[in-house]
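The values are calculated or read from the model by the stated rules, or taken from the named source; none is laboratory data. If you're wondering where the values come from, they're calculated on a predicted model, not measured in any experiment. Methodologically, a virtual Cβ is constructed for each residue, glycine included, from the backbone with ideal geometry; neighbour enumeration extends over all protein chains shown. When the accessible area is computed, the model is the full protein with side chains, heavy atoms only, and any ligands, DNA or RNA have been set aside. Shrake-Rupley method; radii C 1.70, N 1.55, O 1.52, S 1.80 Å.
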Amino acid sequence: MDIQLQQVGYAYAKDTPFEKRALFDVNLHIPSGSYQAIIGHTGSGKSTLLQHLNGLLKPSEGIVKLGDLTIEAGKKAKNLKPVRQQIGIVFQFPEHQLFDETVLKDIMFGPLNFGVPREEAERRARVLADQLGLPEEVLEKSPFDLSGGQMRRVAIAGVLAMEPSVLVLDEPTAGLDPRGRQEIMDLFHHLHMEKGLTTVLVTHSMEDAARYADRVAIMHDGRCVLSGNPIDIFGDEERLAEYRLAAPRVVRFQRKVEAQLGYPLDRLCLTEEQLALELSRTVRGERESL
Amino acid sequence: MTEILSLHEVTYTYSPEEKEARKAVEGISFSVNDGEWIAIVGHNGSGKSTMAKLMNGLLFPQSGEVRVLGETLNEENLWEIRSQMGMVFQNPDNQFVGATVQDDVAFALENNGVPFKDMVVRVHESLAQVKMEKFLDSEPHHLSGGQKQRVAIAGALALKPRILILDEATSMLDPQGREEVLSTVRKLREETHLTVLSITHDLEEALLADRIFVLNNGHKYAEGTPQEIFSRGEELVALGLDLPFAMKMGNLLRANGVALNNEHMSEEELVNDVWTSNFNK
Ligand SMILES: Nc1ncnc2c1ncn2[C@@H]1O[C@H](COP(=O)(O)OP(=O)(O)O)[C@@H](O)[C@H]1O
Ligand SMILES: Nc1ncnc2c1ncn2[C@@H]1O[C@H](COP(=O)(O)OP(=O)(O)O)[C@@H](O)[C@H]1O
Ligand SMILES: [Mg+2]
Ligand SMILES: [Mg+2]
């Protein structure tokens, strides 16, 4: 699904003494099938932006286009249900997303709500619980008796159970252990490729943005100040620093190596695996730019 | 070195009525010295939060003993001891009571009988320490996730505790916010001899601790200096944990045929080794 934000502004508690502007003139085009990362420091407006992507928030100014649906400031929104079925959001704090008495029921809720037959909903729930590393015995527990990491997995399973075509992820792995992070990021990537999803990832992990995304946008003080491909964005460390961000660890390490070598490597590497390969070529004297 | 906190064969289960129920933590013993920085690592569900709650009396063990500041923690001394401990949880939302940010930070102080004059100063100081002084009158619920967490940390710092327990408290912050909070805590520790127990998945943070406790399935798996713990390498990965960047990078370089003399935990050492073993022979 093609997503466009045109000159989007948003104010919380608009026209009250508590009015708080969170977005200013945001322009962003997320083409169907792309993997878009959104980065930016805390309070820069990322979560506010994401909530426009399924009509949870309506823009105070500007236009949000979700596929064929146009949501325009000041106009009455049309029926959002079809679009909400297609756009799955995993929120920053998964506890807010959980409510049912058992984990199984919680995961099944979304599909049931959108008319998926009970048997199919349960099948999906069990498969996903397994894929997300939730043990069988957890399914009958209350979601509120789980550890934080397990709650997050339940919330993610609940969203994936709707089989959305757009996956919107607000720091989906915060609080997961390292293996869990990697497994779940790999699962998202796998689904993205296999099902041709459009994926929007808000993350504090520059490493994840560099590894998985094909487009990166930077939010800063409520504005979308920069967007482009990961190589351009992460290669410009001065610019990143202006927005209180740093390059991924592997990029900073590459810079240290280059400082020691006294010359740059042939290409900027966005993952550890790429850098190991590039350095081994350099060691063997296989540089291109000699 | 004097001990400030210790656990002795502590066992806890959330469903004590069920005989077969899995224990959230089982037979855990360790001792923390006054002024130490301890990192606690372990997979999700390994019992870290349960252990943190046992340490400040939010939970009491079914068997074993928790000792804090020389006393066995019990219902009678709980409040006295808790006033010496600051605790910050992973999810800030459940921690707010005040209508504004400054009320919220003041609340804990008021509860602990801090005089009004000192209270105002401490509220401002601690909010400045986490760079949230501009938000004194904001409603906590209107802050972004990371901002909320900084307020929660300010609330704990305002108490000037002897022991600070951080339960994945920085996991919702951006990298710079995380670094700011951690260096604030480090500075405070130098000035006030604070003891820190930090539950974390961030191995670069754990690398800077005095000692690391590793939990696995409710049991203590290992304890030692970062050097001792991380030299276990792949064994940690099998527990669902990770290795510091320099170690992972070093392993990948070796696998790709780049010569290295040693295992390294710091990037600087690794860069040097890459240089001397391959380019400057
Ligand atoms: N419900 C709300 N009411 C008022 N202000 C809010 C609310 N939620 C967020 N804000 C403010 O909007 C700004 C952007 O917040 P948010 O989108 O959550 O940032 P991010 O996700 O990048 O950390 C922040 O300054 C925050 O304080
Ligand atoms: N309130 C609770 N009720 C029942 N079981 C719980 C509760 N909180 C945690 N548990 C269980 O106790 C175990 C340890 O959880 P926890 O201490 O939260 O782990 P960690 O903090 O390492 O992720 C897990 O199996 C978890 O499911
Ligand atoms: Mg956010
Ligand atoms: Mg925990």
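Assorted remarks:
- Total accessible area lost when B and A pair, probe 1.4 Å, Å² to nearest 100: 3700
- Heavy-atom accessible area, 1.4 Å probe, ligands and nucleic acids excluded: residues of the range A:157-180 down by at least 20 Å² from chain alone: A:Ala174, A:Gly175, A:Asp177, A:Pro178, A:Arg179
- Portion, in percent, of the accessible area of the range B:3-226 that falls on carbon or sulfur, probe 1.4 Å: 49
- Computed in the context of the full set of protein chains, the accessible area of the range A:248-290 at 1.4 Å probe radius has 51% of its extent on carbon or sulfur.
- 3J(HN,Hα) along the range B:234-241: 4, 4, 6, 4, 5, 7, x, 9 Hz, from the Karplus curve 6.51 cos²θ - 1.76 cosθ + 1.60 with θ = phi - 60°, whole Hz, x for Gly and Pro.
- Sorted largest first by accessible area at a 1.4 angstrom probe radius, with every protein chain in place, the residues B:Asp118, A:Asp25, A:Asp130 fall in the order A:Asp130, A:Asp25, B:Asp118.
- In straight-distance terms, cross-link reach from A:Lys81 covers every one of the aspartates and glutamates whose alpha-carbon lies under 18 Å from its own, apart from those fewer than eight places away in the same chain; here that gives A:Asp2, A:Asp68, A:Glu72, A:Glu163.
- Radius of gyration, Dmax [the protein assembly as shown; alpha carbons; angstrom]: 24.6, 75
- Spin-label pair A:Lys256/A:Leu56, simplified geometry with 7 Å Cα→Cβ offset, distance in nm: 3.8
- In the range A:243-267, comparing the full protein assembly with the chain on its own, the residues that lose 20 Å² or more of accessible surface at a 1.4 Å probe are A:Arg244, A:Arg249, A:Phe253, A:Lys256, A:Val257, A:Gln260, A:Leu261.
- Cross-link pairs B:Lys131/B:Lys248; A:Lys256/B:Lys187; A:Lys141/B:Lys53 - those with Cα-Cα distance over 24 Å: B:Lys131/B:Lys248; A:Lys256/B:Lys187
- Accessible area in square angstrom per residue, the range A:248-290, 1.4 angstrom probe: 47
- If you take all other residues with their beta carbon under 10 Å from the beta carbon of A:Leu112, and give Lys and Arg +1 and Asp and Glu -1, the sum is 0.
- Computed from the C-beta positions of A:Tyr12 and B:Glu110, the FRET efficiency with R₀ = 41 Å rounds to 0.90.
- Those residues of the range B:142-191 for which accessible area with every protein chain present is at least 40 Å² below the isolated value (1.4 Å probe): B:Met172, B:Asp174, B:Pro175, B:Gln176
- Eligible aspartates and glutamates near B:Lys19 by straight Cα distance, threshold 17 Å, same-chain separation 8 or greater: A:Glu137
- The lysines whose alpha-carbon is closer than 18 Å to the alpha-carbon of B:Lys48, local same-chain residues fewer than 8 away aside, are B:Lys23, B:Lys220.
- Calculated FRET value between B:Met1 and A:Ile63, using beta carbons and R₀ = 56 Å, to 0.05: 0.30
- Cα-based equivalent ellipsoid of the range A:208-250: semi-axis lengths in Å, sorted from largest, via gyration tensor: 16, 12, 9
- Using a probe radius of 1.4 angstrom, the carbon and sulfur fraction of the accessible surface of the range A:61-101 is 49%.
- Computed E for A:Arg118/A:Leu187 - FRET, C-beta separation, R0 22 angstrom, nearest 0.05: 0.30
- Rolling a 1.4 angstrom probe over the protein heavy atoms with all chains in place gives the range A:1-139 an accessible area of 47 Å² per residue.
- Residues whose placed amide H lies under 5 Å from that of B:Thr195, excluding near-sequence neighbours: B:Gly35, B:Ile163, B:Leu164
- In the full protein context, chain B carries 44 Å² of accessible surface per residue, based on a 1.4 Å probe and ignoring ligands, DNA and RNA.
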